[in-house]
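**Student:** Encoded as structure tokens, here's the structure I'll be asking about.
The values are calculated or read from the model by the stated rules, or taken from the named source; none is laboratory data. Fair warning: this is a prediction, and the values are worked out from it, not measured in the lab. To get the accessible areas, we keep the full protein, side chains included, count just its heavy atoms, and leave off ligands, DNA and RNA. Shrake-Rupley method; radii C 1.70, N 1.55, O 1.52, S 1.80 Å.
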Amino acid sequence: MTLSAKPAYSQEDNFTLNKADSLFQTQHYTDALKLYEQILENDQLYSPQMLLKMAYIKEGLRDYTGAMYYLHLFYTKEPSRSVLRKMEELAQAHRLSGYEYNDLQFFKTQFSKHYMRILELMLILAVVTVTVAALRWRQGYRFSKSFKVGFVVYLLFILYYVNFLNLGDAGIIKNNYVAIMSAPSAGASWLATAKQGHKVPIIGEQDIWYEIKWKGKTAYIRKNNLLELP
């Protein structure tokens, strides 16, 4: 799913957004939520303020999957420790797992805001270096061993950078009494029954199943029971 964090609303969207904000201010939350979801689903646009309002409404409706989803979406675009604390508090209050964060994850998310720009600059520098080196090599110049080693280290760093900031795929269980299985089959061994709101890492997929990590073990869950995070 591709979403835009910098909305360029049409006139119709602005009218809908203003109406939704008005309903929110007058505490007609469910009606406001319908309009916010309409904007998000139809045009894939949102503002950070809209996401926080949607999360607030979902929490009030006891839809913790929705609340965590919108908080996560907000956090990926506007990383802040206050949002992390809110997710952790909500998870602890309702005994939801998967929302434990550390400083390394926070750093990765902060850094990922400029991920593509930094990667583009590093790749441009690599291409320019290779081009200049090729031209000089044709002119008879021979490069030192330290230059060769340094450039190889630089390329390895780019590979490390690409993988280092991979936050991994994850999803939130969106239904109650969901079966967590040991294999991608209805006849496999049952591992647990989970309620909505738990966040799990997604490590693969097979047909109608996601392969996940559940309490440190490899497990499987039907795709229609999991809301994949963007």
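**Student:** Roll a 1.4 Å probe over the protein heavy atoms and report the accessible area of Asp63 in Å², nearest 10.
**Tutor:** Number for this one is 40 Å².
**Student:** Mind checking which aspartates and glutamates have their C-alpha under 16 Å from Lys213, skipping anything on the same chain fewer than 8 residues away?
**Tutor:** Result set, ordered by chain and number: Glu100, Asp169, Glu205, Glu228.
**Student:** With only alpha-carbon atoms counted, please give the Rg and Dmax of segment 179-230, in Å.
**Tutor:** For segment 179-230, the Cα radius of gyration and maximum Cα-Cα distance read 9.9, 31 Å.
**Student:** Starting from the Cα gyration tensor of the chain, take the square roots of the eigenvalues, sort them a ≥ b ≥ c, and report rounded, prolate or oblate (rounded when a/c is under 1.5, otherwise prolate if a/b is larger than b/c, else oblate). Show your work: numbers first, answer last.
**Tutor:** On the way: a/c = 2.65, a/b = 1.52, b/c = 1.74.
Because a/c hits 1.5 or more and a/b fails to exceed b/c, the chain counts as oblate.
**Student:** Pairing the Cα long axis of helix 29-43 with the longest principal axis of the chain, what angle in degrees results, from 0 to 90 and rounded to the nearest 10?
**Tutor:** Approximately 30 degrees, to the nearest ten.
**Student:** Rounded to the nearest 10 degrees, what's the angle between the helix 11-25 long axis and the longest principal axis of the chain, both from Cα atoms, 0 to 90?
**Tutor:** For helix 11-25, the angle is close to 50 degrees.
**Student:** Can you send over the solvent-accessible area of Lys34, 1.4 Å probe, protein chains only, in Å² to the nearest 10?
**Tutor:** Roughly 130 Å² of Lys34 is accessible to a 1.4 Å probe.
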